[in-house]
Amino acid sequence: MIEEKRKRLRINIAFPVECSYGKTISFFTTSKDLSLDGIKILCGNPLDKGKKIKLNINLITDNITALAQVVWCNKLSSPDRYYAGLQFLDVPSESKNQLSHFLSQIYNA
């Protein structure tokens, strides 16, 4: 049995996410789940464990920004499709408050 390492509950939810790293590399993708501590995204290329990525997550009513680090990346059975788990490293206070409010609305729905 695999031990769950997450500290917070994640919700399965799809939102547009802009990811960027380096000086010129950016791509748009979709979230697959989200929590106060991190996000799982779908991507077309593998992401190296430890890579730091700037995120802009569109929550419909709010856009939140965060710096995250790739914790894992797994290839899917579809060609050129990967899931990557990212842990938030730095989330500005306004974005953290917006995310917390958004998630609490869903948890309590």
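The values are calculated or read from the model by the stated rules, or taken from the named source; none is laboratory data. The model shown is predicted, which means the values in this text are computed figures rather than measured ones. All Cβ positions, even for glycine, are placed from backbone atoms using ideal geometry, and neighbour counts span all protein chains on display.
Table for the structure above
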| quantity | calculated |
| --- | --- |
| Residue count for region 49-66, restricted to those that are under 18 Å from residue 85 (Cα atoms), of a type outside the set (D, E, K, R) and more than 12 Å from the chain's Cα centre (by Cα) | 1 |
| All positions within region 68-109 that are surrounded by 12 or more Cβ atoms within 10 Å (Cβ to Cβ), among the hydrophobic types (A, V, I, L, M, F, W, C) and over 10 Å from the mean Cα position of the chain (by Cα) | 71, 72, 73, 89, 91, 99, 102, 103 |
| Of all residues in region 12-39 being in contact (Cβ under 8 Å) with a residue 40 or more places away in the chain and out of contact with any Ser or Thr (no Cβ under 7 Å at 6 or more places or on another chain), the one that is surrounded by the fewest Cβ atoms within 10 Å (Cβ to Cβ) | 37 |
| Near pairs, Cβ below 6 angstrom, 6+ apart or cross-chain, from region 73-96 (in contact (Cβ under 8 Å) with a residue 24 or more places away in the chain and farther than 15 Å from residue 63 by Cα) to any residue that is of a type in the set (Ser, Thr, Tyr) and surrounded by 13 or more Cβ atoms within 10 Å (Cβ to Cβ) | 73/82; 75/82 |
| In region 4-43, the residues that are within 14 Å of the chain's Cα centre (by Cα), small (Gly, Ala, Ser) and in a loop (DSSP other than H, G, I, E, B) | 14, 35 |
| Residue in region 44-52 that is touching a strand residue (DSSP E or B) at 6+ places or on another chain (Cβ under 6 Å), under 23 Å from residue 94 (Cβ atoms) and surrounded by 17 or more Cβ atoms within 10 Å (Cβ to Cβ) present | no |
| Any hit, region 44-57, residues being among the small types (Gly, Ala, Ser), modelled with pLDDT of 95 or more and part of a loop (DSSP other than H, G, I, E, B) | yes |
| Selected residue (criterion: farthest from residue 40 (Cα to Cα)) from residues of region 67-109 that are outside any loop (DSSP other than H, G, I, E, B) and among the charged types (D, E, K, R) | 94 |
